[in-house]
Amino acid sequence: MPLSSRHLLGLQGVPKDDIQLILETANTFREVLERPIKKVPTLQGKTIVNLFYENSTRTRISFELAEKRLSSDTINFSQSSSSVKKGESLKDTIRNIEAMKIDMIIIRHSAAGTPHYLTKICNANIINAGDGIHEHPTQALLDMYSLKERFGKLEGLKVCIVGDVAHSRVALSNIYGLITMGAKVSVCGPSTMIPRFIEKLGVNVTYDIDEAIRDNDVLNVLRIQLERKAGGYFPSLREYAKYFGITQERLDNNKDITILHPGPINRGVEISSEVADGNNQIILHQVTNGVAIRMAVLYLLGTLN
Ligand code: CP
């Protein structure tokens, strides 16, 4: 069965069968990534544009690598070296790029809803690589893939998302995806960083990090988004680290807990260096799996047309 949509804009409302299909397809590509020649001809002849209006290391490189591994033609756009700097609008930029006959657009933008807007003004397949504080679906898919790899299933898994939930597109996509897949999801952080009424999404809330560590199989530790003025939501980074930072000492409450972090990491703030490099974390596995997930999404959308 193909995916039910020709775009990946977020995980809100994405059916379980679609998520399952992406995770299963990623298994095949994960195997390709272990071969001496890590390339397949699947998307030969397709042209994909990586349109990044916000900074990125992992997502941009991961998409570019996934596109190259699938043999598509890849174009990289960065706002800082484009005619956006001369005042060109998003709409004109997209229309001009589309006129060059491209098939897919990967978009990261600081404004929530930008990927949805692109579906209205062009015909390419659109993949959301992070829109403001809204969604980051491929990050949540690679997180779920990494958890399925570690635990064998997502159903019933207890996952707590920790920290700056209010500013996090990673949190929202994980909440939608994990709940669809039957995991038990909670959030933990300072009350100023937990959106009001978040329980309506089907998550539990705790403000006690030691309780979160004790009661869960997994912590997905979020970055404090200083560029989104997150520092104004608590008295100091030192105080945040004291009350919510994940340290090895705290993990003594649950020595088997698995730690995820989407990156980039603020070492010594939301996570100590000891934990970030320690035995409980699977942070670099997440990064490796991200390429396979993005290959799966590109393949499934690119062969729909
Ligand atoms: N996880 C993530 O989105 O990282 P980048 O901002 O480096 O892409």
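The values are calculated or read from the model by the stated rules, or taken from the named source; none is laboratory data. Just so we're clear, the structure is a prediction, and the values are computed from it rather than from any experiment. All Cβ positions, even for glycine, are placed from backbone atoms using ideal geometry, and neighbour counts span all protein chains on display. Note: areas computed on protein heavy atoms with side chains; ligands, DNA, RNA excluded. Shrake-Rupley method; radii C 1.70, N 1.55, O 1.52, S 1.80 Å.
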Self-check item: 5 angstrom amide H check on S186, placed H, neighbours 5+ away
Solution: V159, C160, I161, N204
Quiz item: Rounded to the nearest 500 deg cm²/dmol, what is the calculated helix-only ellipticity per residue at 222 nm for the chain, with -39500 (n - 2.57) per DSSP H run of length n ≥ 4?
Solution: -11500 deg cm²/dmol
Exercise. Would you mind working out the magnitude of the charge dipole of the chain relative to its Cα centre, with +1 at each Lys and Arg C-beta and -1 at each Asp and Glu C-beta, to the nearest 20 Debye?
Key: 800 debye
Exercise. With springs only between Cα atoms under 10 Å apart, run a GNM on the chain and tell me which of A140, A26, A241 wobbles the most.
Key: A241
Quiz item: With every protein chain present, what is the per residue accessible area of the chain (1.4 Å probe, Å²)?
Solution: 45 Å²
Self-check item: Size of charge dipole - the range 137-286 - debye, nearest 20, with Cβ of Lys, Arg +1 and Asp, Glu -1, no other charges
Solution: 420 debye
Self-check item: Cα-based Kirkwood hydrodynamic radius, the chain, one decimal, Å
Solution: 19.7 Å
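To the nearest 20 debye, what is the magnitude of the charge dipole of the range 203-305 about its Cα centre, counting +1 on the Cβ of each Lys and Arg and -1 on the Cβ of each Asp and Glu?
The calculation lands at about 480 debye.
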Exercise. Would you work out which of T119, L141, L43 lies farthest towards the positive end of the dipole of the range 1-142, given +1 charges on the beta-carbon of Lys and Arg and -1 on that of Asp and Glu, about the Cα centre?
Key: L43
Quiz item: For the chain, modelled as a GNM with alpha-carbon contacts under 10 angstrom, which of E67, E98, E135 fluctuates the most?
Solution: E98
Quiz item: Any idea what log10 I(q)/I(0) is at q = 0.12, 0.13, 0.14, 0.17 Å⁻¹ for the range 1-154, Debye with uniform C-alpha scatterers and no solvent?
Solution: -0.54, -0.63, -0.73, -1.08
Self-check item: Antiparallel bridges, percent of DSSP beta bridges restricted to the chain (to nearest 5)
Solution: 5 percent
Quiz item: What value does the range 152-302 have for Rg/Rh, both radii from Cα atoms and Rh as Kirkwood defines it?
Solution: 0.96
Quiz item: In whole percent, how big is the carbon plus sulfur part of the accessible area of the chain, probe 1.4 Å, protein atoms only?
Solution: 50 percent
Practice problem: May I ask you to list the lysines whose Cα is less than 22 Å away from that of K16, ignoring any residue fewer than eight positions away on the same chain? | Solution: K148, K153, K158, K184, K200
